[in-house]
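Here is the structure we will look at.
The values are calculated or read from the model by the stated rules, or taken from the named source; none is laboratory data. From a predicted model like this one, the values you see are computed outputs, not experimental measurements. Quick reminder, even Gly has a Cβ in these numbers, built from the backbone with ideal geometry, and neighbours come from all protein chains shown.
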Amino acid sequence: MVLAHYSQVSEHMERYDQTAGEERMKPFILACVAALATTDAIADPMADLIGSKTYWQSMAWEKAEQSKIWKMSGWGPSEGKQETGRTFAKERQVEIDGKNLRAYLIVEEAPTRQNELSIYSTELSPDECEQIGNWLVRKFGQPKLVVDGSYKFDLVAQGNTVESIDKMSQWDIGSTRTTFTCAGLKKTAEEKFGEKNKLSGILVFGSKASEREIKPLFGLRCTQQYKIIGVDRAPANLNDITIIIDENRKRVRSANKIPFPGEHQITEGSIELKMKKGDDIIEFSIDRLTGVYKGKSRSLKGGGKIDVSGRCEKMTVGERKF
């Protein structure tokens, strides 16, 4: 009797274990099916390679045309306008983190022949541009440098604030240098009316030997002393000025990062700016070795002439007294 009861209990427990096991397996099976379906839906072999740190670490740029991305199927001849010294060899669509972009294989002719992969879109919202930047961080880690040259200004219309987005991030991965840039205008008025702000997103992969290394913005605080030419009066002091130097865009900017108008020239030895305002021409130069600052203002109508002199010291961008 006891054995019979034990047998019935054992049989019941086996059925329970089997049923419970099946119930426990259902969520796991459903999760696996969902994962497989999702992978099939969004998988892009090229995006997998683009986001592979191992791939770029082992990239032999002198043999780029023999690498997987260059040889994979889906490329077509580039039909756009060519640039002097740059040959757009092939192009194709690529999807990165759910965003459609256009990829180009480019051959740079100078100073030596180099290959480059450029991925581009002019239809990204600010959030989408940031999303791709976050995707790159997940794949490659934090960038070695982020340069944010963005600034805001107000239009005549009240409340119509416009932000100029200009953000660059750069990674060095083995012999590869990759740079991601988000640039464009973000307008408050367009957002209020439900219109989409569109930025350009550019992702470039190339050799560290040929790709330009981005540089951080830096500030200068300059003393000023002016002298009116032709007037018998001692030089007088002016308030110090603060400017920001952007070596990536070759621009001189104001303290709030807005670029000055005019002709800019930034070299290893000097920083120069020439502006025209009405009938006046204003120009200045800064010696990067000595910090000596020289400026002058001249009128095209033959009016007063002013010379300015001073000295500049480097400062941190955004540095405040209090």
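Counting only residues that are touching a residue at least 40 places away in the same chain (Cβ under 8 Å) and out of contact with any His (no Cβ under 9 Å at 6 or more places or on another chain), which one in segment 249-294 is farthest from R212 (Cα to Cα)?
Of everything passing the filter in segment 249-294, Y293 is farthest from R212 (Cα to Cα).
Please verify whether segment 81-93 includes one or more residues that are in contact with a Gly (Cβ under 9 Å, 6 or more places away or on another chain) and in contact (Cβ under 8 Å) with a residue 40 or more places away in the chain.
Of the residues in segment 81-93, the ones in contact with a Gly (Cβ under 9 Å, 6 or more places away or on another chain) are 88, 90-93.
This time we only want the ones that are in contact (Cβ under 8 Å) with a residue 40 or more places away in the chain, so: 92.
There is at least one residue in segment 81-93 that is in contact with a Gly (Cβ under 9 Å, 6 or more places away or on another chain) and in contact (Cβ under 8 Å) with a residue 40 or more places away in the chain.
Is one or more of the residues making up segment 271-278 more than 19 Å from S299 (Cβ to Cβ), outside the structural domain of I106 (by TED's automatic domain parsing) and among the acidic types (D, E)?
Yes, segment 271-278 contains a residue that is more than 19 Å from S299 (Cβ to Cβ), outside the structural domain of I106 (by TED's automatic domain parsing) and among the acidic types (D, E).
Just checking, does segment 42-59 include any residue being within 30 Å of K186 (Cβ to Cβ), touching a residue at least 12 places away in the same chain (Cβ under 8 Å), in a helix (DSSP H, G or I) and among the basic types (K, R)?
Looking through segment 42-59, none of the residues is within 30 Å of K186 (Cβ to Cβ), touching a residue at least 12 places away in the same chain (Cβ under 8 Å), in a helix (DSSP H, G or I) and among the basic types (K, R).
Test L105 against the criterion of being closer than 22 Å to C129 by Cβ, at pLDDT 90 or above and not β-branched (V, I, T), and give yes or no.
No: the conditions fail for L105.
If you go through segment 188-200 one residue at a time, do you hit one that is under 25 Å from G85 (Cβ atoms) and either of a type in the set (S, T, N, Q) or modelled with pLDDT of 95 or more (or both)?
Yes: segment 188-200 contains one or more residues that are under 25 Å from G85 (Cβ atoms) and either of a type in the set (S, T, N, Q) or modelled with pLDDT of 95 or more (or both).
Among the numbered conditions (1) under 25 Å from the mean Cα position of the chain (by Cα); (2) among the small types (G, A, S); (3) more than 22 Å from F180 (Cβ to Cβ); (4) loosely packed, with under 15 Cβ neighbours inside 10 Å, tell me where G269 comes up short.
Condition (1) is where G269 drops out.
Residue-wise test of (1) assigned to a strand (DSSP E or B); (2) touching a strand residue (DSSP E or B) at 6+ places or on another chain (Cβ under 7 Å).
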site	(1), (2)
E283	yes, yes
I286	yes, yes
L289	no, no
R298	yes, yes
G302	no, no
V308	yes, yes
R311	yes, yes
K314	yes, yes
V317	no, yes
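Would you check if there is a residue in segment 214-231 being exposed (fewer than 13 other Cβ atoms within 10 Å of the Cβ) and either of a type in the set (V, I, T) or part of a strand (DSSP E or B) (or both)?
yes
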